[in-house]
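What follows is a short report on a single structure.
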Amino acid sequence: MEYYKLNSLYIEVTHACNQHCRHCYLDGGIHKKCAEMTTEQIKNIFAEFKAQGGRYVIFTGGEPLMRSDVFELLDCLEILGLRFTFASNSLGMNRERLEKLASYRCLEEYFTSILGATPEKHKAICGKDSFESALNAIRFFDEKGISTFVQATLAKDYLDDAEEILKLLSDFQNCSVKITPIASLGCKSETEIEENKELIVSPKQFAEFHKNLSELCEKYPNCVGDDNILSYQQISETIDEYKENPLYSLFWHSVCVRPNGDLSFSYNMNNPFVFGKAYESIKIPMDEKFFEYIDLLKKADELVLNDAKEHEVEYDTLVDKYLSVLK
């Protein structure tokens with residue numbers, strides 16, 4: 001049996017969190033009670049990933065600092081020589097933890113989030129005073145020469161905060177920012193979606209946002225990261241680039257591991273394809289199910305491309321939506 005070669009691993013070590021972000025795609029239904037893998041199970045996953053040629057790990061949650069063994073797991077990555085990104089909302093990041101994290105030779109990037117241009121706006125979305133903690137962490141790693149990546153996820157009424165956030169972060173030499181509107185509320189219940197519907201950016205607003213962000217990319221060329229709001233031309237060019245590849249777009253995807261061990265290629269909790277349990281094996285056979293998933297990716301891309309004829313779209317959200325429908 002031939003197996004898919006994994007280059008990068010996206011692992012959610014917990015779904016527990018010390019914040020309560022109103023838009024969080026993990027904060028819904030059964031996902032609040034998702035079982036966590038043990039320390040040894042995760043270490044074994046890292047070892048198997050390394051043994052089959054894996055090179056890069058995105059270490060995330062929930063909030064990873066909610067696990068008492070978080071630095072034991074990072075020690076394992078360091079011993080194995082696996083480069084990693086560490087994702088945190090920064091609320092639990094004190095000086096001791098920052099210094100410990102910065103000491104890892106394999107730390108490639110610190111990933112955190114800012115949800116508004118002011119502490120008050122940020123707190124209104126996440127429910128906690130973590131704005132200054134995020135800035136302190138960014139400043140700390142910048143002074144150490146360690147890259148930081150900031151996800152600025154903006155509610156409908158905060159779209160105009162994009163430039164203020166870029167101004168705030170543009171003085172840091174090692175910081176890049178990805179600004180994304182809130183397009184959905186993931187796995188939340190219908191009641192929660194109704195309660196938070198004022199956060200969601202409509203498709204019509206995407207076009208104006210995309211235009212404004214393009215202008216900001218020119219104004220802050222060294223600060224703005226890749227955008228997830230794409231035009232028809234951008235999606236079409238991407239499909240043309242990948243469509244002849246036998247594995248289509250999977251060759252650049254991370255394999256994703258959930259706290260309960262579920263193994264997939266999608267970060268979305270609604271992903272209909274699970275390729276077994278990671279603590280049993282992270283090997284993914286290139287069998288009928290594997291190629292069925294690739295065929296559905298191609299079909300989902302064509303549906304997204306069709307939507308993009310009318311207006312700019314949020315690519316990731318639509319692909320996951322269509323995968324669920326096609327399945």
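The values are calculated or read from the model by the stated rules, or taken from the named source; none is laboratory data. Bear in mind the structure is a predicted one, so any value in this text is a computation, not a measurement. Glycine gets a Cβ as well: all are built from the backbone with ideal geometry, and neighbour counts include every protein chain shown.
Points worth noting:
- Against the test of being within 23 Å of residue 180 (Cβ to Cβ) and either surrounded by 15 or more Cβ atoms within 10 Å (Cβ to Cβ) or not basic (Lys, Arg) (or both), the options 127, 81 yield a single qualifying residue, 127.
- Residue identified as over 20 Å from the mean Cα position of the chain (by Cα) and either more than 19 Å from residue 87 (Cα to Cα) or modelled with pLDDT of 95 or more (or both) among 148, 191: 191
- Enumeration of residues in region 125-179 that are touching a His at 6+ places or on another chain (Cβ under 7 Å) and under 17 Å from residue 214 (Cα atoms): 153
- Selection of region 283-301 for residues being assigned to a helix (DSSP H, G or I) and touching a residue at least 60 places away in the same chain (Cβ under 8 Å) yields 290, 301.
- In region 252-259, the count of residues that are part of a helix (DSSP H, G or I) and either surrounded by fewer than 16 Cβ atoms within 10 Å (Cβ to Cβ) or hydrophobic (A, V, I, L, M, F, W, C) (or both) is one or more.
- Number of positions in region 251-265 that are among the aliphatic types (A, V, I, L, M) and either free of Cβ contacts under 8 Å to residues at least 12 places away in the same chain or touching a helix residue (DSSP H, G or I) at 6+ places or on another chain (Cβ under 6 Å) (or both): 0
- Neighbours by Cβ (under 7 Å, 6+ apart or cross-chain): first from region 9-26, within 22 Å of residue 262 (Cβ to Cβ); second surrounded by fewer than 20 Cβ atoms within 10 Å (Cβ to Cβ) and among the aromatic types (Phe, Trp, Tyr): 10/267
- Odd one out for residue 309 among (1) closer than 27 Å to residue 181 by Cβ; (2) surrounded by fewer than 20 Cβ atoms within 10 Å (Cβ to Cβ); (3) at pLDDT below 90; (4) charged (D, E, K, R): (3)
- Subset of region 231-255 [touching a strand residue (DSSP E or B) at 6+ places or on another chain (Cβ under 8 Å) and farther than 27 Å from residue 209 by Cβ]: 255
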